[in-house]
Amino acid sequence: MQKAVEELAQGKLVAFPTETVYGLGADAASPQALDRLYQTKGRPRNHPVIVHLGSSQWLGKWAHCNDWAEALMEAFWPGPLTLILKRVEGVSDQLTGGQDSVGVRMPSHPVALELLNRFGGGLAAPSANRFGRISPTTAAHVETEFQGKVAVLDGGACPVGVESTIIDVSGEEPVLLRPGHITPSQLSQVLGRPIAVSGGAVRAPGTLESHYAPSTPAFLVPSARLAEVLALVETAKTGLLSADPPSQELFWLQAQTEPRNYARELYANLRLLDGAGLKEILIETPPQGEAWTAVSDRLARATQGFKETK
Ligand code: TXA
Ligand code: MG
């Protein structure tokens, strides 16, 4: 922990656990550290990053607060909720992708909180994966992503498993930019109004159509079609993530039936499937319903770039 704080203060990168996924941390106030961050992730520079805070006392350094933000922070911080707010003067375009808003979040993971509070200020921390790939939920995942070239604070497996919910409260009405563990109903209950869901311009890379993707072609298959599709594939080269075991012998991972458990294991499961030397990955389409929104969103993006041939 002490070494991590020192390295961050020297403008180096340190990956750390949060309750959602591991983040790749950099001093949010250092242009050199942010340069290194974009380079290491291979991330396009116009894509903004989230500033992580150990306490809301630091918020004023980055963002203009408002009543919606106050209410949401009170209800959900520390926790898996990112707020998009108007940035204060002087906040670098490197953090905001040139927009006049900035993303801020206070994670609840004890290791993240200790790191942030010892460091002070704020840490820019995108998910600790190379751009477009599967987010890491263990320290070992981070090691694999950057071939051991980035220091990692190991805090075990992330309990939430998918990235924070992002809500933009910088405009005329609150807009959900990325679904996560905290649902629109929960947000709307606190704000006392409905939450619009963004369907428009790509402001967040996590909202690109193809993201969180394995290298192996991956496809969603509705439960009712699974048997039919499995009869067509080369079983020795196919992986399956589904609630029930298949009748064929193939690389099978059991999907959890409760949405929060499913989310917790999602990225680790995708990584296992991706690393198994398969030709294709089949994923049983998860159930409908608000509690499944974050999982369905990530699975849609993980499978988006692949063309079905059968
Ligand atoms: O759970 C999380 O949020 C994780 C952990 C490490 O905290 N972090 C994370 O960061 O997912 P990243 O960089 O992989 O995704 C951050 C998302 C991106 O989609 C980014 O475009 C969006 O937040 N974002 C950041 N600032 C924004 C802004 N000013 N306006 C709109 N979107 C913003
Ligand atoms: Mg990410």
query = Quick one: would you say SER101 is open to solvent by less than 30 Å² (accessible area, probe 1.4 Å), in contact (Cβ under 8 Å) with a residue 12 or more places away in the chain and away from ligand 1 (no atom under 13 Å from the Cβ)?
reply = no
task = Select from the stretch 104-135 the residues that are surrounded by 17 or more Cβ atoms within 10 Å (Cβ to Cβ) and of a type in the set (Lys, Arg) and write down the one among them that is nearest to the chain's Cα centre (by Cα).
result = ARG133
Selection count where residues are over 30 Å from the mean Cα position of the chain (by Cα) and polar (S, T, N, Q), scope the stretch 223-238 = 1
key: Lone unmet requirement of (1) crowded, with 24+ Cβ neighbours inside 10 Å; (2) farther than 20 Å from VAL175 by Cα for ASP93   = (1)
Hits in the stretch 42-72 - residues which are surrounded by 24 or more Cβ atoms within 10 Å (Cβ to Cβ) and within 15 Å of ligand 2 (Cβ to nearest atom) = VAL49, ILE50, VAL51, HIS52
inquiry  = For the stretch 1-41, give me each residue that is hydrophobic (A, V, I, L, M, F, W, C), within 16 Å of ligand 2 (Cβ to nearest atom) and either in a strand (DSSP E or B) or more than 20 Å from GLY90 (Cβ to Cβ) (or both).
reply    = LEU13, ALA15, PHE16, VAL21, LEU24, ALA26
key: Qualifying residues in the stretch 109-140 (those that are within 20 Å of LEU177 (Cβ to Cβ) and of a type in the set (Ser, Thr, Tyr)) - the one farthest from ligand 2 (Cβ to nearest atom)   = SER135
key: Residue among ALA294, ALA201, ALA276 that alone is among the aliphatic types (A, V, I, L, M) and at pLDDT below 95   = ALA201
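Residue check: is LEU177 in a strand (DSSP E or B), modelled with pLDDT of 95 or more, of a type outside the set (D, E, K, R) and more than 16 Å from ligand 1 (Cβ to nearest atom)? Break it down stepwise before answering.
On the way: in a strand (DSSP E or B): yes; modelled with pLDDT of 95 or more: yes; of a type outside the set (D, E, K, R): yes; more than 16 Å from ligand 1 (Cβ to nearest atom): no.
No; evaluated as a whole, the condition is false for this residue.
The values are calculated or read from the model by the stated rules, or taken from the named source; none is laboratory data. Quantities reported herein were computed from a predicted structural model and do not represent experimental measurements. Here the Cβ is made from the backbone with ideal geometry for all residues, glycine too, and neighbour counts use every protein chain on show. Ligands, DNA and RNA are excluded from the accessible area calculation, which covers all protein heavy atoms including side chains. Shrake-Rupley method; radii C 1.70, N 1.55, O 1.52, S 1.80 Å.
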